[in-house]
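Report on the following structure.
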Amino acid sequence: MGPRILIVGAGAVGGYFGGRMALAGHDVTFLVRPGRLAQLRADGLRLVSPLGDAALAPRAITADEIDGPHDVILLSVKAYSLAAAMDDFAAAVGPDTRIIPLLNGMRHLDVLAERFGDPKILGGTCLIVSKLDAAGQVVHMGALPKLTFGERRGGDASAIRDLKEALSSPGFETVSSGRIIQDMWNKWVLLASLGAVCCLMRATVAEVAAAPGGDEFARAAIAECASIAAASGHPLAEGTLEGIVRLLTSRETPLTSSMFRDLSQGAPVEAAQIIGDMVQRGRAHQIATPILDLTNLNLNVYERHARPA
Ligand SMILES: NC(=O)C1=CN([C@@H]2O[C@H](COP(=O)(O)OP(=O)(O)OC[C@H]3O[C@@H](n4cnc5c(N)ncnc54)[C@H](OP(=O)(O)O)[C@@H]3O)[C@@H](O)[C@H]2O)C=CC1
Ligand SMILES: CC(C)(CO)C(=O)C(=O)O
């Protein structure tokens with residue numbers, strides 16, 4: 001019997017990865033709130049994806065129905081929902097539970113470790129472009145999604161490899177990483193730069209790149225984030241940085257960040273976690289971050305008008 005897996009949040013990320021795991025026959029339960037539970041009961045969980053659409057009736061519960069510890073908790077709520085979610089899934093955390101957070105940014109690692117104890121918290125990150133549509137369907141766009149996790153401070157590599165086997169499912173790549181903190185920084189540099197490009201300019205990467213000065217703007221945003229990563233002890237490898245520059249200056253890609261997609265719908269954004277925290281770490285190292293500062297201000301002003309979280 002495989003591990004008991006609790007997916008916290010059946011949104012764009014949790015719905016996709018958890019849905020694919022459930023389809024593969026893993027022992028998956030979704031922890032959701034009453035509104036999403038009603039939707040899942042009425043319509044099931046529907047995935048729309050270039051890798052194949054799917055519809056399933058997953059096991060889904062609310063916090064008061066948790067029946068004890070789970071082996072793995074895949075945390076896929078937005079950063080602004082983290083505090084309430086921790087209260088909700090606490091009853092599923094036992095002595096041997098491993099929590100894999102898929103939130104963007106880094107700050108949540110400390111928050112989770114403080115609440116549940118350092119050894120339970122793995123590092124995690126995912127690459128996927130997906131959203132929940134108005135009907136509650138999980139719509140995945142683009143390439144094969146990737147789920148990466150690992151011990152934050154070394155540890156039993158074989159246990160992580162076993163976990164990789166246990167979570168692997170068709171429809172995404174599963175990676176067990178020996179350098180997960182660097183992986184998370186790489187992703188954060190990409191995401192904060194992408195957030196600055198798309199949210200400040202209210203446009204896709206290609207639209208910005210095609211405008212005069214757009215290429216230089218994207219490169220300057222990346223340089224700010226990369227300097228902060230380096231000063232924090234996590235410099236990006238040359239090839240990784242070049243890849244981010246290539247992606248964010250491409251005139252061909254319709255890529256946007258999930259934060260921009262949220263912003264376009266008037267929904268709350270993860271400004272504090274994705275941009276604000278990067279700005280603060282830049283300040284701590286006396287790194288000037290004019291583009292990130294402007295993005296942060298812009299998003300803070302936006303948040304005053306956004307729908308409440
Ligand atoms: N979408 C993407 O392309 C990517 C997103 N990410 C990151 O992944 C994380 C999740 O993002 P995403 O999936 O897009 O967000 P969504 O808003 O699509 O999904 C989050 C889900 O969490 C649920 N939720 C919130 N609080 C609780 C709770 N206490 N208990 C149970 N469920 C809860 C919400 O349900 P409810 O209906 O009740 O509000 C919602 O369905 C974010 O940090 C994001 O930055 C990373 C890579 C790509
Ligand atoms: C970088 C990207 C687009 C891909 O996963 C992402 O993480 C996000 O939009 O939140």
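The values are calculated or read from the model by the stated rules, or taken from the named source; none is laboratory data. Just so you know, these numbers come straight off a predicted model, no measurement behind them. Positions of Cβ are generated from backbone atoms using ideal geometry, with glycine treated the same way; all protein chains shown enter the neighbour counts.
For the residues His234, His140, the requirement of being within 16 Å of ligand 2 (Cβ to nearest atom) and in contact with a Phe, Trp or Tyr (Cβ under 8 Å, 6 or more places away or on another chain) singles out His140. Residues that are among the hydrophobic types (A, V, I, L, M, F, W, C), modelled with pLDDT under 95 and in a helix (DSSP H, G or I) occur at least once in region 141-159. Of the helices (runs of 4 or more DSSP H) lying entirely inside region 171-288, those containing at least 2 residues that are within 13 Å of ligand 1 (Cβ to nearest atom) are 180-201, 258-264.
Return the residue satisfying two criteria in turn: it lies in region 21-38 and is assigned to a helix (DSSP H, G or I) and free of Cβ contacts under 8 Å to residues at least 40 places away in the same chain, and of such residues it is farthest from Ala84 (Cα to Cα). Only one residue fits best here, namely Ala22.
Remark: pairs (first residue in region 140-155, within 17 Å of Gly14 (Cα to Cα); second residue surrounded by fewer than 13 Cβ atoms within 10 Å (Cβ to Cβ) and modelled with pLDDT under 95; Cβ separation under 6 Å; 6+ apart in sequence or on different chains) are absent. As a summary of the residue check, Arg307 satisfies the conditions (1) modelled with pLDDT under 95; (2) in contact with a Lys or Arg (Cβ under 6 Å, 6 or more places away or on another chain) except for the one numbered (2). Can you confirm whether Phe17 is of a type in the set (Phe, Trp, Tyr) and closer than 20 Å to Glu173 by Cα? Yes. On the given criteria, is Leu109 away from ligand 2 (no atom under 16 Å from the Cβ), within 22 Å of Ser257 (Cα to Cα) and either surrounded by 17 or more Cβ atoms within 10 Å (Cβ to Cβ) or of a type in the set (Val, Ile, Thr) (or both)? Judged against the criteria, Leu109 is a match. Tell me yes or no: at least one residue of region 265-276 is without any contact (Cβ under 8 Å) to a residue 40 or more places away in the chain, within 21 Å of Lys131 (Cβ to Cβ), aliphatic (A, V, I, L, M) and within 14 Å of ligand 2 (Cβ to nearest atom). So far as region 265-276 goes, yes, one or more of its residues are without any contact (Cβ under 8 Å) to a residue 40 or more places away in the chain, within 21 Å of Lys131 (Cβ to Cβ), aliphatic (A, V, I, L, M) and within 14 Å of ligand 2 (Cβ to nearest atom). The listed residues are Ser232, Ser193, and the only one of them that is among the hydroxyl-bearing types (Ser, Thr, Tyr), under 22 Å from the mean Cα position of the chain (by Cα) and more than 14 Å from Ile274 (Cα to Cα) turns out to be Ser232. Listed by first and then second residue, the pairs with beta-carbon distance under 7 Å, at least 6 apart or on different chains, first residue in region 74-95 and in the same structural domain as Thr29 (by TED's automatic domain parsing), second of a type in the set (D, E, K, R), are Lys78/Glu270; Ala79/Glu270; Tyr80/Glu270; Met86/Arg115; Val93/Lys120. For region 96-140, the set of residues classified as in a helix (DSSP H, G or I) and either within 11 Å of ligand 1 (Cβ to nearest atom) or among the charged types (D, E, K, R) (or both) consists of Arg107, His108, Asp110, Glu114, Arg115, Asp118, Lys120, listed by residue number. Would you check if Ala10 is crowded, with 21+ Cβ neighbours inside 10 Å, in the same structural domain as Gly123 (by TED's automatic domain parsing) and assigned to a loop (DSSP other than H, G, I, E, B)? Here the answer is yes, as Ala10 does meet what is asked. The residues on offer are Val139, Val93, Val129, Val111, and the sole one that is closer than 15 Å to Leu31 by Cβ and of a type outside the set (S, T, N, Q) is Val93. Among the residues making up region 280-309, those that are crowded, with 20+ Cβ neighbours inside 10 Å and either over 19 Å from Gly233 (Cα atoms) or free of Cβ contacts under 8 Å to residues at least 40 places away in the same chain (or both) are Ile291, Leu292, Thr295, Asn296, Leu299. I'd like to check something: does region 39-48 contain any residue that is without any contact (Cβ under 8 Å) to a residue 12 or more places away in the chain, more than 8 Å from ligand 1 (Cβ to nearest atom), assigned to a helix (DSSP H, G or I) and over 19 Å from Lys131 (Cα atoms)? Yes: one or more hits.
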